[in-house]
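Chemist: Take a look at the following structure, please.
The values are calculated or read from the model by the stated rules, or taken from the named source; none is laboratory data. These numbers come from a predicted model, not from an experiment. Here Cβ is always computed from backbone atoms with ideal geometry, including for glycine, and neighbour counts include all displayed protein chains. The protein model used for the area step is the full one, side chains on, heavy atoms only, and it has no ligands, DNA or RNA in it. Shrake-Rupley method; radii C 1.70, N 1.55, O 1.52, S 1.80 Å.
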Amino acid sequence: MTAGAPGVYLLRTADIDTGPEGNQYAGTVMATVRVQGSPATPVTLPPALLPVEDLRGKITNRRTIVYTESQNGDTLFIDGKTFDMTRTDIRVKLGAIEEWTIRNESDELHTFHIHQGPYQLTEINGVPQPADDHRDIVDVPIRGEVKVVIPFTNPTIVGRFVYHCHILSHEDKGMMATIEVTPATGDSGRSHRNGG
């Protein structure tokens with residue numbers, strides 16, 4: 001079958017191994033896509049992506065977030081705590097641009113995801129990365145760390161939301177925390193509740 005031709009296509013995951021203390025998952029079919037009808041006119045892609053502003057020179061605050069686990073791996077923590085939806089773990093003023101070091105002190109892979117907006121990945125285990133894109137999720141290596149720069153600058157993010165490991169069983173075991181973005185001094189003081 002040629003790409004885009006009518007037919008049935010399977011969207012598969014690759015095999016996943018989260019490390020010596022983690023889990024191994026065989027690849028699986030995530031979706032079945034049925035393509036019908038005549039091919040559409042191909043869209044011409046631009047020759048280059050739009051430039052992305054490097055936020056490393058605009059950092060207003062730095063934090064370190066630490067992922068750990070109980071010895072039996074049944075409870076997972078962010079900064080020594082399991083998720084509590086009634087607790088606010090971090091407060092940030094609107095307009096801040098923060099560098100977060102996310103450190104994985106366990107023997108299995110974790111990921112980092114924060115609701116309400118993208119961030120720039122700037123380092124993996126001390127190796128600088130080009131700040132030429134925006135991320136939604138990043139792997140945090142076993143016994144390693146990543147640095148990201150998060151712009152808390154869009155007024156639509158004012159409110160309370162979560163950041164967490166995006167591996168479902170890990171967030172279910174407690175590896176999630178809350179953040180609240182509050183209006184900058186002099187703002188109207190409106191607060192929005194955001195999902196994400």
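Chemist: Keeping all protein chains in place, calculate the accessible area per residue for the stretch 75-127 (probe 1.4 angstrom), answer in Å².
Modeler: Values: 2130 Å² over 53 residues.
Heavy-atom SASA per residue in the stretch 75-127 reads 40 Å².
Chemist: Given the options GLY126, GLY159, GLY73, state which has the largest fluctuation in a GNM of the chain using a 10 Å cut-off (strictly under) for Cα springs.
Modeler: Result for the chain, Cα springs under 10 Å: GLY126 fluctuates most.
Chemist: Set Lys and Arg Cβ to +1 and Asp and Glu Cβ to -1, take the dipole of the stretch 1-126 about its Cα centre, and tell me which of VAL8, THR44, VAL33 lies farthest positive.
Modeler: Ranked along the dipole, the leading option is THR44.
Chemist: Moving to a separate point now. Convex hull over the alpha-carbon atoms of the chain: what's its volume per residue in Å³? Could the numbers behind the result be given before it?
Modeler: Values: hull volume 35.9 nm³, N = 196.
Enclosed volume per residue, from the Cα hull, is 183 Å³.
Chemist: Hey, another quick one. Within the chain, which is the longest segment that contains none of the trypsin sites (Lys or Arg not before Pro) sitting in a DSSP loop with at most 14 other Cβ atoms within 10 Å? Write out the running numbers ahead of the final one.
Modeler: Values: sites that count: ARG87, ARG143, ARG190, ARG193.
With trypsin sites (Lys or Arg not before Pro) excluded where exposed in loops, the chain gives 1-86 as its longest stretch.
Chemist: Grab the DSSP H runs of the chain that are 4 residues or longer, score each as -39,500 (n - 2.57), total them, divide by all residues and round the 222 nm result to the nearest 500 deg cm²/dmol. Numbers along the way, then the final one.
Modeler: Numbers: 1 runs with 5 residues, N = 196.
Roughly -500 deg cm²/dmol at 222 nm, from the helical runs in the chain.
Chemist: Hey, with R₀ at 22 Å, roughly what FRET efficiency would GLN24 and THR75 work out to, going by the Cβ-Cβ distance, to 0.05?
Modeler: Working: r = 21 Å, r/R0 = 0.94.
Efficiency computed from Cβ-Cβ geometry: 0.60.
Chemist: Next question. Are there GluC sites (Glu not before Pro) in the stretch 10-98 that DSSP puts in a loop and that have at most 14 other Cβ atoms within 10 Å, and which ones? It would help to have the intermediate numbers written out before the result.
Modeler: Values: sites: GLU21, GLU53, GLU69, GLU98; in loops: GLU21, GLU53.
Taking the stretch 10-98 and a limit of 14 other Cβ atoms within 10 Å, the loop GluC sites (Glu not before Pro) found are GLU21, GLU53.
Chemist: Placing unit charges on C-beta atoms (Lys and Arg positive, Asp and Glu negative, everything else neutral), compute the dipole magnitude of the chain about its Cα centre in debye, rounded to 20. Write out the running numbers ahead of the final one.
Modeler: Working: 18 positive and 25 negative charges, 149 e Å.
I would put it at about 720 debye.
Chemist: Between THR101 and ARG62, what length comes free when the chain is fully extended (0.36 nm per residue of separation minus the Cα-Cα distance, one decimal in nm)? Before the final figure, lay out each step's value.
Modeler: On the way: separation 39, 0.36 × 39 = 14.04 nm, distance 0.78 nm.
Full-extension gain reported as 13.3 nm.
Chemist: Could you please state how large a percent of the accessible area of the chain is carbon and sulfur, counting protein chains only and using a 1.4 Å probe?
Modeler: On the way: 6260 of 11650 Å².
Result for the chain: 54 percent of the exposed heavy-atom area is carbon or sulfur.
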